[in-house]
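Worksheet for the structure shown next.
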């Protein structure tokens, strides 16, 4: 593909005279997308010395600096390597209405890193899949995604490297690695072609920029950005968005149905003496396994969902009592903050993932998207409909990274919930635990039960299974949860 481009293209003088008007248009469009809360992600990839930095400078000189961020992507740090590889890019997504500009991006991990590291073919395939899903999720969420590849010939790149080296002020910009890539230009050209071919999709098109004529490159980038922003603004303002045609389900994601909540036996009990003995033994074993988990650098994610007053807090407390406090974090999930509301709903969970060897315990999770946000109308039918697939891919990626993932639904019946609500209301030191919202949610029990049944059915996967925990008896629930964690860790550590 790249070989077929005509790099002799140049910009006529009369077209260059349009640039002042284009710059003004771009500045005005930035204000429109801020008002409409349309986020934009602009990616610059290409050859060394192709002009990525200078083109980014020209672009941002016409933007309000309060509404954009520029990220220069280099090799991941040792700290970043301890997390899923896409996490550092999720963290850099813009607020709704803002722009994130990437000088190189996630594509570095499937181009130069592919050639210059020991990535297996399986890992490369997985990373391409992660990229396609990431771009699908952010464009589904309303992001404008623009991807530019700046192309120059081997001869032109060599000329520019020499010109940079001749000046003391710019000599540092040319490295031995740059010269190596120039010497092996055809090899890297094949990698870039493969990258473009695999990821040039309807929702995430590549724009290849013939960058030997710098004026032409600038003009093409400006007009492409302007056209994309204008199209998105027109789409949003017209409100003639395509109607939701059904819930998107990936054929690569298969879930295993669980019994309906109404079929769960809630009569299971543990006697106090038996509970004390079991608790002591389980906590001792968890402590031992946590140390091994740290030594093997295996991350673990424990996700807690359940009815109000089902005992999540007490359950989590018994788990954490057994763990080294330096190796875990409990992440309580409440209503999203301003920043969280103005990002993709998974953004805040990417920010709270554990390092390898550590445990993250989520007290409520990303499943709020298909429960409370769905039922209370905080997201559209299209948004919660596609969330099942997005969540399955999210969890699959964490599993591929190496995480052990367990998801617990703590189940009680309406009578037991009412008893616990009344107990909280009538006990001064527990009254903080009961709110008007709890009572409102209780009135929607049937709607929530239907949503939970669908959630359990559609997101119970082999890499991130749901465990329904019979929680009318808190003692039984705590021990069942601990046994499940112990078994999962023992299996993984073998």
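Picking from residues in the range 108-132 that are farther than 16 Å from residue 206 by Cβ and outside any helix (DSSP H, G or I), the one that is modelled with the highest pLDDT is 120. Here's a check for you: in the range 192-206, which residue that is surrounded by fewer than 16 Cβ atoms within 10 Å (Cβ to Cβ) and touching a residue at least 60 places away in the same chain (Cβ under 8 Å) is farthest from residue 17 (Cα to Cα)? Result: 198.
Determine if the range 8-21 includes at least one residue that is assigned by TED's automatic domain parsing to the domain that holds residue 145, more than 24 Å from residue 141 (Cα to Cα) and surrounded by 18 or more Cβ atoms within 10 Å (Cβ to Cβ). There is no residue in the range 8-21 that is assigned by TED's automatic domain parsing to the domain that holds residue 145, more than 24 Å from residue 141 (Cα to Cα) and surrounded by 18 or more Cβ atoms within 10 Å (Cβ to Cβ).
Would you point out the residue of the range 447-494, among those that are touching a helix residue (DSSP H, G or I) at 6+ places or on another chain (Cβ under 7 Å) and part of a loop (DSSP other than H, G, I, E, B), that is surrounded by the most Cβ atoms within 10 Å (Cβ to Cβ)? The extreme case among them is 471.
For every residue, the table says whether it meets (1) farther than 24 Å from residue 127 by Cβ; (2) at pLDDT 95 or above; (3) in contact with a strand residue (DSSP E or B) (Cβ under 6 Å, 6 or more places away or on another chain).
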| residue | (1), (2), (3) |
| --- | --- |
| 179 | yes, yes, no |
| 194 | no, yes, no |
| 205 | no, yes, no |
| 208 | no, yes, yes |
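Pairs are defined by a Cβ separation below 6 Å, a sequence spacing of at least 6 or placement on different chains, a first member in the range 274-295 that is in the same structural domain as residue 316 (by TED's automatic domain parsing) and free of Cβ contacts under 8 Å to residues at least 40 places away in the same chain, and a second member that is surrounded by 18 or more Cβ atoms within 10 Å (Cβ to Cβ) and outside any helix (DSSP H, G or I); the pairs so defined are 287/322. Taken over the range 245-267, the criterion of being modelled with pLDDT of 95 or more, surrounded by 15 or more Cβ atoms within 10 Å (Cβ to Cβ) and assigned to a loop (DSSP other than H, G, I, E, B) is satisfied by 264, 266.
Among residues belonging to the range 1-27 that are in contact with a helix residue (DSSP H, G or I) (Cβ under 9 Å, 6 or more places away or on another chain) and in a loop (DSSP other than H, G, I, E, B), point out the one that is modelled with the lowest pLDDT. It comes out as 1.
From the list 79, 75, 54, 105, the lone residue that is under 28 Å from residue 293 (Cβ atoms) and modelled with pLDDT of 95 or more is 79. Just one of the listed residues (154, 159) is touching a helix residue (DSSP H, G or I) at 6+ places or on another chain (Cβ under 8 Å) and modelled with pLDDT of 95 or more, and it is 154. Of the residues making up the range 88-99, those that are buried (at least 19 other Cβ atoms within 10 Å of the Cβ) and within 16 Å of residue 131 (Cβ to Cβ) are 89, 90, 93. Note on the range 331-354: residues that are farther than 14 Å from residue 290 by Cβ and either outside the structural domain of residue 433 (by TED's automatic domain parsing) or crowded, with 16+ Cβ neighbours inside 10 Å (or both) amount to 14.
Taking residue 103 as the residue in question, decide whether it is assigned by TED's automatic domain parsing to the domain that holds residue 222, closer than 28 Å to residue 222 by Cα and surrounded by 16 or more Cβ atoms within 10 Å (Cβ to Cβ). When the stated conditions are applied, residue 103 passes them. As a summary of the residue check, residue 72 satisfies the conditions (1) surrounded by fewer than 13 Cβ atoms within 10 Å (Cβ to Cβ); (2) touching a strand residue (DSSP E or B) at 6+ places or on another chain (Cβ under 9 Å); (3) farther than 30 Å from residue 360 by Cα except for the one numbered (3). Within the option set 412, 375, being buried (at least 19 other Cβ atoms within 10 Å of the Cβ) and either on the phi < 0 side of the Ramachandran plot or in contact with a strand residue (DSSP E or B) (Cβ under 6 Å, 6 or more places away or on another chain) (or both) holds for one residue only, 412. Within the range 81-105, being part of a helix (DSSP H, G or I) and within 19 Å of residue 390 (Cα to Cα) holds for 87, 88, 89, 90. Of 416, 382, all but one fail to be at pLDDT below 95 and either outside any strand (DSSP E or B) or in contact with a helix residue (DSSP H, G or I) (Cβ under 7 Å, 6 or more places away or on another chain) (or both); the exception is 382.
The values are calculated or read from the model by the stated rules, or taken from the named source; none is laboratory data. Because the structure is predicted, anything quoted here is derived from the model rather than measured. Backbone-built Cβ (ideal geometry, glycine too); neighbour counts: all protein chains shown.
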